[in-house]
Amino acid sequence: MIEGPVVIIGTGQAGFQTAASLRIEGFEGDIFMFGDEPGLPYQRPPLSKAFFKDGSADRLLFRNQDFFEKNSINIKDNCSVKSIDRQKKQVLLDDGDTISYEHLVLATGTRNRALPIAGSDLKNVLALRTLYDANHIRKTAKAGQRVIMIGGGFIGLELASVLREFGCEVTVIEAEKRPMARAVSEQISTYFVDAHTKSGIKIHCNSMVSKVLGEAEAEGVKLSDGTEIGADLVFICAGVVPNSEIASEAGLETSNGILVDDLLLTNDPFISAIGDCASFVHKSSGTLVRLESVQNAADQAKCIAKRLTGTPKTYEAVPWFWSDQGGKKLQIAGLTGSADKLICHSDDENGKISVFAFENGQFVGVEAVNMAKNYVISRKILETGKPVMLSDFEASDFDLMEILKKIS
Amino acid sequence: MVKITLVEPGGKQIIVDAKEGGSLMQAAVAAGVTGIVAECGGSMMCATCHVYVNEDDLEKLPKKSEGEDEMLDSTASIRKENSRLSCQIKIGPELEGLKVYLPESQY
Ligand SMILES: Cc1cc2nc3c(=O)[nH]c(=O)nc-3n(C[C@H](O)[C@H](O)[C@H](O)COP(=O)(O)OP(=O)(O)OC[C@H]3O[C@@H](n4cnc5c(N)ncnc54)[C@H](O)[C@@H]3O)c2cc1C
Ligand code: FES
C-alpha cells in the first residue's frame, strides 16, 4: 500500500469514485481532489433526462459535504490544475500553489467538441455537459420554441425527447446515415428514429449544418445542400474531446485520450488515468477504446483504488451503458461495435427489441430496449469471461438463463 | 419528512428522514448509509441499491415495474420475495415508519 498523498485531478464520476474507493479499501493517507467546476461531485446522466423537469440539483450529488469530511477527503472546487511536474512529483494549481503527490490520478473527463462553423458562437446556441449548462438550458428553453439539435448521438436524442415532451418543436440534424451510428446497431437506430418520429421529432440524416443563421441571436441553420431551417434555439451535440492536454504537455503518451496500460497506468508509473479521458486496449476485443460511461468511470476508479492499496489487478470489467429516450430504456452490455453478425428479437406490439451481437461466432454484447432481462443475463454471461458461441444461443433457442447456468 | 428505518446485516438500525418525492435510495445516500451503493444513480441499471422490505410493510408499496422485477435477478445478495430496488421506491407520507433490511453485499 502506498502512503500518499494521492492527488486526483477532476471531481467527476471517476475522481469521486477513486477517493471513495480508496477509503473503502482502507487507504489512510492524504487525498486531495481538484475540480474546475463549482460544488461537490455530481452525476451527469440525469442532466439530459430527469433533471430538465425536476431541476433538483441536490439529487445529483454523489454524497454530501459530510461524507467528504468524515472520510478526510480534501476537495477543492473552482480550481483548475495548470500543469504537472513529473520530476518533482507536483501539480501546479491556478492560484499558484503546488501540491506534491506520491500517486497522481488523472480523471479530467471530456469537453464538448466545438463546431468550426460560422454562427456557432451566437447567443441561443447551447450545449450540454455540466450542471451549469443544464441550468442554463432550463432557464432558456420555452414551450413552443423551435429547437434544432446539431448531432443525433445519445445526448442529442435524450435532450430532443425531453424538449419535445416539454412542448418544443424539435428537429435533429445528423451527419451520418443514421443517429447513434457509432454506438449502436442499425436496428436500434431505426427503432428510435421510428419512436421519435411518432412523437413529432423531425430527424434529418446525411445532413451537415454549414452555418448557424442570425446576427446576434441564432435564428436557424443552413444545411450544406442549401436548405434553411428556422429555430429559436440551437444545440450543439456533436460529441466530445478528451481533456488530455495537461497530460501531453507533461510528456505523457496520448492517443484519442491519455494512453494507459491494462493496470490503467500511463507511461509514468506514478500517474494513472481513468474515465472519459483515458484510452486503453479493451481486453476481450483487443481494440483501443475510450469509453464514455458511468460504468467505465466507476469500475476503473475501483480498479486503481485496489492497486494503490496493494492488490493490483488488470482492468477487465464488462462495459454497460444506458440511454433513456421518450419513455424507452436502452440497455447495453458488452461492446457491440465490432460485431459481424447481429440477431434481432423483437416484440413490435409492446415496443420491445433486443439485438444480440457476435464476432467470429462469439457473443460480444447485447442492446436491449424495454427488455431488462436480456440485458441483465447477457451481462452476467459476459462477466463469466467464458466464450459463448452463436451455436450455444441457437441450441438453447436463445434461453439466456439456460446458457448462463450451463457455463457458471 | 418521512421516517424510514434501515437495518444493517449486523442488526444496527439507521433511521433516516426521507424527502417526499425523492426515492428511498436518494434518502439513504444523503444520510450516508454505506450499505446502499447506487452506482447508476437510480437508473435501474446496477441493482446495487437492493433492499429487503419488512414483510408487514410490503403492502404499503406500489407494485414493482416489469423492469425492476427483471433487474432484481442480478442482485449480488440472494433475491427474496421481499426484494426491491430502493431507487424505485418513491417516498410519500404512506411510507412513514417503513422498515427495510440491507443485504450482505451490493456487488
Ligand atoms: C448529459 C450527459 C448524459 C449522460 N448520460 C449517461 C448515461 O445515461 N449513461 C452513462 O453511462 N453515461 C452517461 N454520460 C456519461 C458519463 O456522465 C461520463 O462517462 C462520466 O461523467 C465520466 O466521468 P469522468 O469523471 O471520467 O469525467 P467527468 O464527469 O467529465 O469529470 C471530469 C471533471 O474534471 C474536470 N477537469 C478537467 N480538467 C481539469 C483540470 N485541469 N483541473 C481541474 N479539473 C479539471 C472537468 O471540468 C470535470 O468536472 C452522460 C454524460 C452527459 C454529459
Ligand atoms: S441505483 Fe442502480 S438500480 Fe437502483
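Which residues, counting only those in the stretch A:278-295, are within 20 Å of B:E39 (Cβ to Cβ) and touching a residue at least 60 places away in the same chain (Cβ under 8 Å)?
A:A278, A:E292, A:V294
Show me the helices (runs of 4 or more DSSP H) entirely contained within the stretch A:334-408 in which 2 or more residues are among the β-branched types (V, I, T), closer than 27 Å to B:C40 by Cα and within 14 Å of another protein chain (Cβ to nearest Cβ).
Here the list reads A:372-383.
Looking at the stretch A:365-372, can you tell me whether even one residue there is under 30 Å from A:L106 (Cα atoms), among the small types (G, A, S) and either more than 16 Å from ligand 2 (Cβ to nearest atom) or within 23 Å of the chain's Cα centre (by Cα) (or both)?
yes
Since A:C79 meets every condition but one in (1) touching a Gly at 6+ places or on another chain (Cβ under 8 Å); (2) more than 16 Å from ligand 1 (Cβ to nearest atom), which condition does it not meet?
The one condition A:C79 does not meet is (2).
State which residue pairs qualify: first residue open to solvent by less than 30 Å² (accessible area, probe 1.4 Å) and inside the stretch B:65-87, second residue within 16 Å of ligand 1 (Cβ to nearest atom) and in a strand (DSSP E or B) in any location, beta carbons under 7 Å apart, and separation of 6 or more residues or different chains.
Correct list of pairs: B:G67/A:K329.
Please find, among A:V241, A:V281, the residue that is within 19 Å of A:R129 (Cα to Cα), away from ligand 2 (no atom under 16 Å from the Cβ) and surrounded by fewer than 15 Cβ atoms within 10 Å (Cβ to Cβ).
Result of the check over A:V241, A:V281: A:V241.
In the stretch A:41-92, how many are within 29 Å of A:A250 (Cβ to Cβ) and more than 12 Å from every other protein chain (Cβ to nearest Cβ)?
Going through the stretch A:41-92 one residue at a time, the tally reaches 21.
Give the stretch B:63-97 a look and list any residue that's farther than 22 Å from B:A18 by Cβ, more than 16 Å from ligand 1 (Cβ to nearest atom), at the interface with chain A (Cβ under 9 Å from one of its Cβ atoms) and touching a helix residue (DSSP H, G or I) at 6+ places or on another chain (Cβ under 7 Å), or say none.
The answer is B:E70, B:D73, B:S74.
Given the structure, is A:K313 more than 8 Å from ligand 1 (Cβ to nearest atom) and within 14 Å of chain B (Cβ to nearest Cβ)?
So A:K313 fails the test.
Test of understanding: among A:S279, A:S272, A:S189, which residue is in contact with a helix residue (DSSP H, G or I) (Cβ under 6 Å, 6 or more places away or on another chain) and of a type outside the set (A, V, I, L, M)?
A:S272
Given (1) at pLDDT below 95; (2) part of a strand (DSSP E or B); (3) among the hydrophobic types (A, V, I, L, M, F, W, C), identify the lone condition not met by A:I2.
(2)
Within the stretch A:244-278, can you find the residues that are among the small types (G, A, S), open to solvent by 40 Å² or more (accessible area, probe 1.4 Å) and in a loop (DSSP other than H, G, I, E, B)?
Within the stretch A:244-278, A:G251, A:S255 meet the criteria.
Check A:K306, A:K302 and return the single one that is farther than 17 Å from B:A47 by Cα, in contact (Cβ under 8 Å) with a residue 40 or more places away in the chain and within 16 Å of ligand 2 (Cβ to nearest atom).
A:K302
Between A:S21, A:S120, A:S80, A:S100, which is away from ligand 2 (no atom under 16 Å from the Cβ) and in contact with a helix residue (DSSP H, G or I) (Cβ under 8 Å, 6 or more places away or on another chain)?
None of the other options fit; the residue is A:S21.
How about the stretch A:173-198: which of its residues are surrounded by 15 or more Cβ atoms within 10 Å (Cβ to Cβ) and in a loop (DSSP other than H, G, I, E, B)?
Listed by number, the residues that qualify are A:E174, A:A175, A:E176, A:R178, A:P179, A:M180, A:A181, A:A183, A:V184, A:S185.
Out of (1) within 14 Å of chain A (Cβ to nearest Cβ); (2) open to solvent by 20 Å² or more (accessible area, probe 1.4 Å); (3) in a loop (DSSP other than H, G, I, E, B), what's the single condition that is false for B:E104?
So the condition that B:E104 fails would be (1).
The values are calculated or read from the model by the stated rules, or taken from the named source; none is laboratory data. Note that the structure is predicted; figures quoted are calculated from it, not measured. Ideal geometry is used to build each Cβ from the backbone, glycine not excepted, and the neighbour counts take in all protein chains shown. Please note that ligands, DNA and RNA were not included when accessible areas were found on the heavy atoms of the full protein model with its side chains. Shrake-Rupley method; radii C 1.70, N 1.55, O 1.52, S 1.80 Å.
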